[in-house]
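See below for the structure under consideration.
FYI, it's all coordinate maths here, none of it is from the lab. A quick note: this is a predicted structure, and the numbers were derived from the prediction, not measured. Every residue, glycine as well, gets a Cβ built from its backbone with ideal geometry; the counts of neighbours run over all protein chains shown.
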Amino acid sequence: MRMVFRWFGEGNDTVTLDHIRQIPGVEGIVWALHDVPAGEEWPMDKILAVKAAADKAGLHLDVVESVNIHEDIKLGLPTRDQYIENYKKTMEKLAQVGVKVICYNFMPIFDWLRTDMHKEMDDGSTALFYEHKKLADIEPLELVRRITENSALTMPGWEPERLQYLTGLFEAYKDVTEENMWEHARYFLQEIIPTAERLGIRMAIHPDDPPWPIFGLPKIITSQDNIRRYLNLYDSPYNSVTLCSGSLGANPNNDIIGMIHEFKDRIPFAHIRNVRIYDNGDFIETSHRSQDGSVDIAGVVEAYHDTGFEGYARPDHGRHLWGEQCRPGYGLYDRALGIMYLWGVWDSLQRRSKA
């Protein structure tokens, strides 16, 4: 297991590279150019600036998250071909700086969705929270306003240049079905995976978050069966999955450990986090410790260990602790604590296997 840490860039993150390099066992950053709109080719000078900063800190930039897919590709519009060409050109540049994995998603409009960015927990910390009832009583535009208000930092998946066209996007998706989305994903993979194979970059689809339809939008990466179907759309190790225990774990019917064993050869990147699911289906993100949530994180780490996982892993969303002012879900303290929990489980398994 190779530990990495998500970083949003100079001036766009309360966490610095000096902070990250002090977390035991962290060897690289998970990064992106968050100021480049989806569909545009990434400028080489900006890529090299990130590389220079990472090199100075002694961290690699093997994993990118995300090179966002333009909505025209997801919608299957004739204009998608130009955006796919831009995507390939960006991949060419990323290969030049040593990128090995691109995490991306195929979620319509929203990359992820919560109803409360700072839900207070019993211990006084706050965390990202999803409440079913609120979604039934709120319009999408109002939800966007609440999530993005008073934030000086970009929210991944909620970039203003994308969301300013929200009303038009909902209209565009009005007649798009799940089967349409599957066909549009197949087209994308047939165009992209040969380039990925040539460059040695593994494309790793991220599950839908949460893993069910919202606001009538179709979702396809939601379950073990659907991940299997997606990987079979283009049978190549370069068509792979970012297995996110938190996204998939919001549905108690998803068997995360079973997925790790089934897809072990197609998981180059793992997001490891915990969620507590309530009886009514609401959920909140908790510490990484197994008993604090509904996902058996210790069992998840054991599954990775037992399947010989040598890919990249990062602690995903953390709580907001000790008064830290940070991007929701992406503070320093709880994610660093999460890493130490993951290493503790991993090291114990390593000792057991050598005994």
- Task: Please give the residues of region 184-206, grouped as numeric ranges, whose backbone N is less than 14 Å from a label point set 7 Å along the Cα-to-Cβ vector of residue 236.
- Result: 186-205
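At a 10 Å Cβ-Cβ cut-off, how would you order 118, 70, fewest neighbours first?
On the way: 118 12, 70 20.
Neighbour counts put them in this order, fewest first: 118, 70.
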- Task: DSSP loop (so not H, G, I, E, B), at most 10 other Cβ within 10 Å: list which chymotrypsin sites (Phe, Trp or Tyr not before Pro) in region 3-102 pass both filters.
- Result: none
- Non-local residues with an amide H under 5 Å from the amide H of residue 244, with H modelled 1.01 Å from N and Pro and chain starts lacking one, are 271
- Each residue of region 246-251 in turn: what ³J(HN,Hα) in whole Hz from Karplus with 6.51, -1.76, 1.60 and θ = phi - 60°, glycine and Pro shown as x? x, 4, 5, x, 5, 9
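Using the Cα gyration tensor of the chain, with a ≥ b ≥ c the square roots of its eigenvalues, what is the shape: rounded (a/c below 1.5), prolate (a/b larger than b/c) or oblate (neither)? Spell out each step's value before the answer.
Numbers: a/c = 1.25, a/b = 1.11, b/c = 1.13.
Verdict is rounded for the chain.
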- Can you give the FRET efficiency for residue 291 and residue 81, using 1/(1 + (r/R0)^6), R0 = 51 Å, r = Cβ-Cβ distance, to the nearest 0.05? 0.55
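Show me the trypsin sites (Lys or Arg not before Pro) within region 252-355 that DSSP assigns to loop and that have at most 16 other Cβ atoms within 10 Å of their Cβ. Mind dumping the intermediate values first?
Values: sites: 264, 266, 273, 276, 289, 319, 335, 351, 352, 354; in loops: 273, 289, 319.
For trypsin sites (Lys or Arg not before Pro) across region 252-355 that sit outside H, G, I, E and B with at most 16 neighbouring Cβ atoms in 10 Å, the list reads 289.
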- Output the pairs from 93/264; 46/89; 51/93; 74/134; 134/174 with a Cα-Cα distance over 19 Å in this structure; if there are none, say none. 93/264; 74/134; 134/174
- Query: Taking the Cβ-Cβ separation of residue 96 and residue 137 as r and a Förster radius of 35 Å, what is the calculated FRET efficiency to the nearest 0.05?
  - Reply: 0.10
- How large is ³J(HN,Hα), in whole Hz, for each residue of region 50-56 in order, when computed from phi with the Karplus curve 6.51 cos²θ - 1.76 cosθ + 1.60 and θ = phi - 60°, using x for Gly and Pro? 5, 4, 4, 5, 5, 4, 4
- Item | Sorted by Cβ density within 10 Å, fewest first, the residues 3, 340 | 340, 3
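Please compute the net charge surrounding residue 27, taking Lys and Arg as +1 and Asp and Glu as -1 over other residues with Cβ under 9 Å from its Cβ. Write down the numbers at each step before the final one.
Details: positive: 2; negative: 62.
Net charge around residue 27: 0.
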- Of all DSSP beta bridges having both residues in region 2-354, the percent classed as antiparallel (nearest 5) is 30
- Message: If each residue of separation counts as 0.36 nm, what is the full-extension length gain between residue 224 and residue 21 once their alpha-carbon separation is subtracted?
- Response: 69.6 nm
- Quick one: putting +1 on the C-beta of Lys and Arg, -1 on the C-beta of Asp and Glu, what dipole do you get for region 2-354 around its Cα centre, in Debye to the nearest 20? 880
